[in-house]
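Working notes for the structure below.
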Amino acid sequence: MKNDIAPLRIELVCIGTELLRGKVNTHVATISTQLAGVGLALARETAVSDDPVEMEQAFRSAWERSDIVLNTGGLGPTFDDLTREGWSKVLDISLKRRPDLERWIRARFRKRGLRMPPENTRQADVLEGARVIPNAVGTAPGQMVERGKKLIVLLPGPASEMVPMMEGVVLPFLRRRFKPLPYGSFTLHTFGRPESLIDQKIRPVIIRRRSLRRDEWLNFCILAQARRVDVKAEARAGSPRRLKNLLDRVKADLARVIGSDLYGQDDESLESVVGNFLKEKKLTLALAESCTGGLLGAMITRVPGSSAYFTAGVITYSNDSKRELLGVRRETLGRYGAVSAQAAVEMAEGARRRADVGLSITGIAGPGGGTSRKPVGLVFIGLAGLGRTFAKRCLFPGTREAIRERAAMTALDLLRRELGR
């Protein structure tokens with residue numbers, strides 16, 4: 001939702017053919033986090049190859065639609081480093097070679113005991129009127145150019161160079177220059193419901209929150225991944241106190257309509273929330289896993305301090321191991337099979353001999369092994385303790401790894417809901 005204080009439109013343009021050939025671009029996460037720290041946010045990110053025609057087109061479009069353009073990459077000395085030339089053409093300003101920068105680059109090479117290649121002199125070319133951003137790590141200075149109310153920032157591609165330049169020069173400049181209102185956000189984590197249902201639940205809150213003061217701004221977004229759906233709210237307000245009150249009210253409204261599907265917020269994970277429940281209730285947990293092969297135990301022990309409540313995890317892949325280590329009856333396996341509610345219950349009961357609560361998983365992760373009666377993706381989750389013993393039947397789609405991950409997360413969520421009763 002936007003009003004008179006709609007945020008500045010900031011676009012990130014990342015240069016490098018390698019970004020379009022499989023290399024993971026981490027700059028979006030890094031820079032968006034840095035901007036949030038000064039109350040700003042990215043509106044768009046574009047990855048562009050080193051082709052000069054593609055670069056010029058991307059630069060021109062970004063400059064026309066954005067207030068601030070942050071550009072990473074293409075400031076090196078090689079033939080395909082053409083960011084300076086591209087922006088010179090788009091902004092219709094010349095490049096000037098700075099003798100002081102050239103001397104500085106030569107000095108960097110001498111300090112390393114190297115002779116500077118002639119190609120590196122290009123890194124001393126600066127857009128006319130630009131402010132130079134010192135590079136304490138490499139030989140590519142950054143640049144900032146203001147044209148009217150717009151700003152372009154050129155930064156080198158390597159994170160080891162870009163990050164300190166952002167923190168030391170760019171972010172303080174943005175804070176002084178644009179004086180953004182106090183900004184804050186939170187992310188609520190839900191599990192077990194599809195994105196469309198979460199959207200249906202929160203829509204009344206979004207509609208009610210359209211009425212804002214002139215110096216307030218509020219935005220919502222939903223992110224779906226596997227069986228988890230995140231709801232993020234971000235806001236600006238005229239003072240830190242009003243910002244906190246606005247975010248608190250919105251968070252309370254969202255939590256109320258989402259209900260028990262909400263398991264945590266911000267840095268909380270499903271396993272950390274379960275761990276906190278177990279610690280608060282002074283309970284211990286033991287696991288019995290089959291198709292997940294220890295994945296659930298790995299998630300539990302990923303939380304620091306989990307030894308306070310996690311006692312043991314048993315991986316019983318074969319029927320013999322289920323009988324010998326967990327006490328699953330031969331009759332149960334013969335009549336119902338290892339992938340059954342009955343086997344899951346007895347596995348959980350076997351795990352419970354080692355703790356207050358026993359949690360089990362047995363299923364068919366695929367890609368083979370399924371039948372018409374027991375297809376790939378069929379999983380049973382057993383729980384023993386907390387006043388009752390039962391098994392839940394699930395049928396998960398996807399690859400082997402997706403099924404295993406969904407089974408482990410669903411088991412955690414089942415335990416969370418039982419602990420919260």
Given +1 on the Cβ of Lys and Arg, -1 on the Cβ of Asp and Glu, and no further charges, what dipole in debye does the chain carry about its Cα centre, rounded to the nearest 20? 1140
In this structure, among LYS322/LYS392; LYS232/LYS282; LYS23/LYS150; LYS179/LYS244; LYS201/LYS279; LYS89/LYS179, pairs with alpha-carbon gaps over 28 Å are LYS232/LYS282; LYS23/LYS150; LYS201/LYS279; LYS89/LYS179
Rounded to the nearest whole Å², what accessible area per residue is found for the chain with the 1.4 Å probe? 48
Accessible surface of region 237-330 [probe 1.4 Å, protein heavy atoms]: carbon and sulfur percent: 51
What net charge do the residues around MET347 carry, taking every other residue with its C-beta under 9 Å from that of MET347, with Lys and Arg at +1 and Asp and Glu at -1? -2
How much mean residue ellipticity at 222 nm does the chain get from its helices, if each DSSP H run of length 4 or more adds -39500 (n - 2.57) and you divide by all residues, to the nearest 500 deg cm²/dmol? -11500 deg cm²/dmol
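When the solvent-accessible surface of protein heavy atoms is calculated with a 1.4 angstrom probe, in what order do GLU18, GLU167 fall, highest first?
GLU167, GLU18
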So the angle from the long Cα axis of helix 270-280 to the longest Cα principal axis of the chain, reported in degrees to the nearest 10, equals 60
For GLY157, what residues show an amide H to amide H distance below 5 Å, using hydrogens built from the backbone and excluding near sequence neighbours? GLY73, GLY74, LEU75
Using only the alpha-carbon atoms, how far is helix 400-419 inclined from the longest principal axis of the chain? Give it as 0 to 90 degrees, nearest 10. 70
Please list the radius of gyration and Dmax for the chain, considering alpha-carbon atoms only, with Å as the unit. 28.0, 87
In whole Å, what is the distance between the alpha-carbon centres of region 231-289 and region 128-143? 42
Need the full-extension length gain, ARG373 to ASP320, defined as separation in residues times 0.36 nm minus the C-alpha distance. One decimal, nm. 16.8 nm
Residues whose built amide H sits under 5 Å from the amide H of ILE315, excluding neighbours closer than 5 in sequence, are GLU289
May I ask you to list the trypsin sites (Lys or Arg not before Pro) in region 5-98 that are in a DSSP loop and have at most 13 other Cβ atoms within 10 Å of their Cβ? ARG21, LYS23
Would you mind checking the tilt of helix 341-352 against the longest principal axis of the Cα atoms of the chain, expressed as 0 to 90 degrees and rounded to 10? 80
Estimated inter-spin distance, ALA255 and VAL24, nm [label 7 Å along Cα→Cβ]: 3.2
Would you mind computing the Rg to Rh ratio of region 197-267 from its alpha-carbon coordinates, Kirkwood style for Rh? 0.97
Net charge near THR187, counting Lys/Arg +1 and Asp/Glu -1 over other residues with Cβ under 14 Å of its Cβ? -2
Radius 12 Å from Cβ of ARG330, net charge of other residues (Lys, Arg +1; Asp, Glu -1): 0
Reported to the nearest 10 Å², PHE380 has, with a 1.4 Å probe, an accessible area equal to 20
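The values are calculated or read from the model by the stated rules, or taken from the named source; none is laboratory data. Everything numeric in this text was worked out from a predicted model, so none of it was measured. Positions of Cβ are generated from backbone atoms using ideal geometry, with glycine treated the same way; all protein chains shown enter the neighbour counts. These accessible areas exclude ligands, DNA and RNA; they are computed on the full protein's heavy atoms, side chains included. Shrake-Rupley method; radii C 1.70, N 1.55, O 1.52, S 1.80 Å.
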